[in-house]
Amino acid sequence: MGIYYPSTLLDYREGLELELRFIFDEVIERAKVHGIDIPVTAKLVNDLHKLQDDVQSETPAETPAFDGLTCGAFKLEKLKMGEQAKRLSRFAFLKSKAFEFIKYKNAGDLASIFSNLTPNAEVYGLKGDSIETGLTDFFENYKELHHEIIGEPIITLPDTVEYRFVKSWIDGECGERKVWESRDEEKGRDKVERLIFCEDKLLAVSVVEVIEFT
């Protein structure tokens, strides 16, 4: 965790619940550790108090131009916070898209799935027009198909989310509900469903073996 300075907090508060807890003297001392000398001026003190009041009231204000806070170290910290905020936002987006995909499958809403695909998408090995016909046939053959994500979806790459799952359906021959788990120790099976996105659209959907790195 980096050092959270007021100027950094304001830039990346949107969508995040942040509390501003700092003591003025501590800010000065931490800056000195990084070789940064912050002149203690009346303007700086007033700016800090103004910023603290603004954050506590949750009313955005223009970030004041702090005396001595425009050095490279602070700019670097600000950049790091920006990248971290973007990553967190992307992670949250990918997880929400995973649950959305499962919701569409459970509702049998294939139209919403198709509308969320990229033009060159590959879904369970199907491409182009075969995606629509293949999935339609699959859902017709597996009555009351239901999927459930097990645990939390995991972000394995910047645009990739994976999760273990359980699916169940009514067998057309015997009328019984069948259950298939992506992880089954007795059968030596450990698989995840992998979703790869291009911006906000699905580029690829597949079920793959889990690879353990030792």
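The values are calculated or read from the model by the stated rules, or taken from the named source; none is laboratory data. This one's a predicted model, so the numbers in the text were calculated from it and none came from an experiment. Methodologically, a virtual Cβ is constructed for each residue, glycine included, from the backbone with ideal geometry; neighbour enumeration extends over all protein chains shown.
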I'd like to check something: does region 122-132 contain any residue that is closer than 19 Å to F91 by Cβ and not β-branched (V, I, T)?
no
When residues of region 150-208 are filtered for being outside any strand (DSSP E or B) and either out of contact with any Leu (no Cβ under 8 Å at 6 or more places or on another chain) or within 20 Å of F139 (Cβ to Cβ) (or both), how many remain?
14
Conditions: (1) in contact with a His (Cβ under 6 Å, 6 or more places away or on another chain); (2) in a strand (DSSP E or B). N106 meets all but one. Number of the miss?
(2)
Look through region 167-200, keep the residues that are within 27 Å of S89 (Cβ to Cβ) and loosely packed, with under 12 Cβ neighbours inside 10 Å, and return whichever of them is modelled with the lowest pLDDT.
E199
When the residues of region 201-214 are narrowed to those that are closer than 15 Å to I155 by Cα and modelled with pLDDT under 90, which ends up surrounded by the most Cβ atoms within 10 Å (Cβ to Cβ)?
V210
Cβ-Cβ below 6 Å, separation at least six or inter-chain, first residue in region 100-115 and at positive phi, second part of a helix (DSSP H, G or I) and hydrophobic (A, V, I, L, M, F, W, C): which pairs?
G108/F139
